[in-house]
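S.K.: One structure follows; several queries about it will come next.
The values are calculated or read from the model by the stated rules, or taken from the named source; none is laboratory data. Keep in mind that what you see is a predicted model, and the values were worked out from it rather than measured. We place every Cβ from the backbone using ideal geometry, glycine too, and count neighbours over all the protein chains shown. The protein model used for the area step is the full one, side chains on, heavy atoms only, and it has no ligands, DNA or RNA in it. Shrake-Rupley method; radii C 1.70, N 1.55, O 1.52, S 1.80 Å.
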Amino acid sequence: MSTKDTVALIAGGVLVVSLFGTAKGTHATRTAAVGTAASPLANTGGTRPGLAPITSGADRAAARKLISRLRVKGRGPATGYARSRYGGNWADTAPGVPYAGNGCRTRDDLLARDGQDVRYRKGSRCVVVAMRLTDPYTGKAIAWRKSDADEVQVDHVVPLAYAWRMAAARWPMSERLNFANDPLNLLPVDGAANEQKDASGPASWLPPRRRIRCAYVTRFAQVAVKYDVPVTPADKRAMLAQCR
């Protein structure tokens with residue numbers, strides 16, 4: 001952790017406010033503007049919080065340029081898919097992504113990245129037990145507690161089952177482990193919205209909040225480009241349409 005981090009004690013928990021980004025192997029930390037969602041175009045590593053709308057003409061053009069890079073192919077079979085094909089849930093052992101190896105589960109790292117007024121279990125620097133979240137998909141303000149854990153779920157922007165059918169069935173386990181735990185591909189969101197999305201691509205599901213849709217498909221494209229995951233022709237058309 002940077003020596004310039006500011007630590008505020010909150011009711012037995014610790015909120016860590018960082019003036020800089022988070023390096024691999026460190027606990028998930030805040031940016032200087034706590035709770036301020038970042039545009040995906042300014043968050044290519046995925047370590048800044050949330051998902052801010054893309055509104056300017058120049059930024060929407062940049063998003064379309066990124067989406068245009070995506071390869072397309074037909075959706076493959078789901079044969080052999082299981083969640084375990086991507087390693088243990090929220091594993092801290094991914095070999096090549098931020099937060100890996102810091103001793104905290106990936107889910108807790110993401111809650112700490114995106115939540116406000118984050119509180120940790122007494123005696124733990126990892127386990128988030130309460131926070132406030134502004135859900136990027138619906139705009140809903142959620143006062144979350146671990147006792148009702150499913151109210152906030154961590155979404156894989158490019159779903160694991162989607163990636164399996166398009167490319168990941170041929171990847172080594174290390175690549176799948178990275179994909180499942182990469183903060184670029186992970187957003188804490190309203191649980192009901194995440195369940196509605198399931199394993200859909202952008203042609204079948206988009207966030208209910210229309211203003212965020214270009215940002216959402218841009219993040220989808222960032223992940224797909226990083227891991228060379230093709231998308232279906234219908235998904236690519238839908239993504240381009242959101243950023244016109």
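S.K.: Among the residues that make up the stretch 140-151, is at least one of them surrounded by fewer than 23 Cβ atoms within 10 Å (Cβ to Cβ), polar (S, T, N, Q) and within 16 Å of the chain's Cα centre (by Cα)?
M.R.: No, the conditions are met nowhere in the stretch 140-151.
S.K.: Let me ask another. Which ones in the stretch 35-52 are farther than 12 Å from residue 212 by Cα, open to solvent by 20 Å² or more (accessible area, probe 1.4 Å) and not hydrophobic (A, V, I, L, M, F, W, C)?
M.R.: 35, 36, 44, 45, 47, 48
S.K.: Which of the residues spanning the stretch 76-101 are exposed (fewer than 14 other Cβ atoms within 10 Å of the Cβ), in contact with a Lys or Arg (Cβ under 8 Å, 6 or more places away or on another chain) and part of a helix (DSSP H, G or I)?
M.R.: Passing the criteria: none in range.
Quick grid of which residues meet (1) more than 20 Å from residue 38 (Cβ to Cβ); (2) touching a Lys or Arg at 6+ places or on another chain (Cβ under 7 Å); (3) among the basic types (Lys, Arg):
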{"position": "117", "(1), (2), (3)": "no, yes, no"}
{"position": "127", "(1), (2), (3)": "yes, yes, no"}
{"position": "137", "(1), (2), (3)": "no, yes, no"}
{"position": "146", "(1), (2), (3)": "yes, no, yes"}
{"position": "152", "(1), (2), (3)": "no, no, no"}
{"position": "159", "(1), (2), (3)": "yes, no, no"}
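S.K.: Here is a further query. Here are some conditions: (1) closer than 19 Å to residue 185 by Cα; (2) not in a loop (DSSP other than H, G, I, E, B). Residue 65 meets all but one. Which one does it not meet?
M.R.: Only one criterion in (1) closer than 19 Å to residue 185 by Cα; (2) not in a loop (DSSP other than H, G, I, E, B) is unmet by residue 65, namely (1).
S.K.: Quick one: in the stretch 207-228, of everything that is crowded, with 23+ Cβ neighbours inside 10 Å and β-branched (Val, Ile, Thr), which residue is farthest from residue 75 (Cα to Cα)?
M.R.: If we take residues in the stretch 207-228 being crowded, with 23+ Cβ neighbours inside 10 Å and β-branched (Val, Ile, Thr), then 212 is farthest from residue 75 (Cα to Cα).
S.K.: Just checking, does the stretch 179-191 include any residue being polar (S, T, N, Q) and either surrounded by fewer than 24 Cβ atoms within 10 Å (Cβ to Cβ) or in contact with an Asp or Glu (Cβ under 7 Å, 6 or more places away or on another chain) (or both)?
M.R.: no
S.K.: Answer with yes or no whether residue 187 is under 15 Å from the mean Cα position of the chain (by Cα) and touching a residue at least 60 places away in the same chain (Cβ under 8 Å).
M.R.: Considered against the rule, which asks whether it is under 15 Å from the mean Cα position of the chain (by Cα) and touching a residue at least 60 places away in the same chain (Cβ under 8 Å), residue 187 comes out as yes.
S.K.: Could you pull out the residue among 204, 200 that is farther than 17 Å from residue 50 by Cβ, open to solvent by less than 50 Å² (accessible area, probe 1.4 Å) and among the hydroxyl-bearing types (Ser, Thr, Tyr)? Working first, answer last.
M.R.: Working: 204 fails: open to solvent by less than 50 Å² (accessible area, probe 1.4 Å).
Residue meeting the stated conditions: 200.
S.K.: Which residue pairs have Cβ atoms closer than 7 Å, lie 6 or more positions apart in sequence or on different chains, and pair a first residue in the stretch 207-218 that is farther than 15 Å from residue 237 by Cα with a second residue that is part of a loop (DSSP other than H, G, I, E, B) and of a type in the set (D, E, K, R)?
M.R.: Qualifying pairs under 7 Å: none.
For (1) more than 30 Å from residue 73 (Cβ to Cβ); (2) of a type in the set (Val, Ile, Thr), each residue gets a yes or a no:
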residue	(1), (2)
126	yes, no
129	yes, yes
133	yes, no
136	no, no
141	yes, no
157	no, yes
160	no, no
164	no, no
169	no, no
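S.K.: Can you name the residue in the stretch 53-75 that is under 21 Å from the mean Cα position of the chain (by Cα) and among the β-branched types (Val, Ile, Thr) and is also most open to solvent (accessible area, probe 1.4 Å) among such residues?
M.R.: By that ranking, first place goes to 55.
S.K.: Out of the residues in the stretch 124-136 that are surrounded by 23 or more Cβ atoms within 10 Å (Cβ to Cβ) and touching a residue at least 24 places away in the same chain (Cβ under 8 Å), which is farthest from residue 222 (Cα to Cα)?
M.R.: Across the stretch 124-136, the extreme among qualifying residues is 133.
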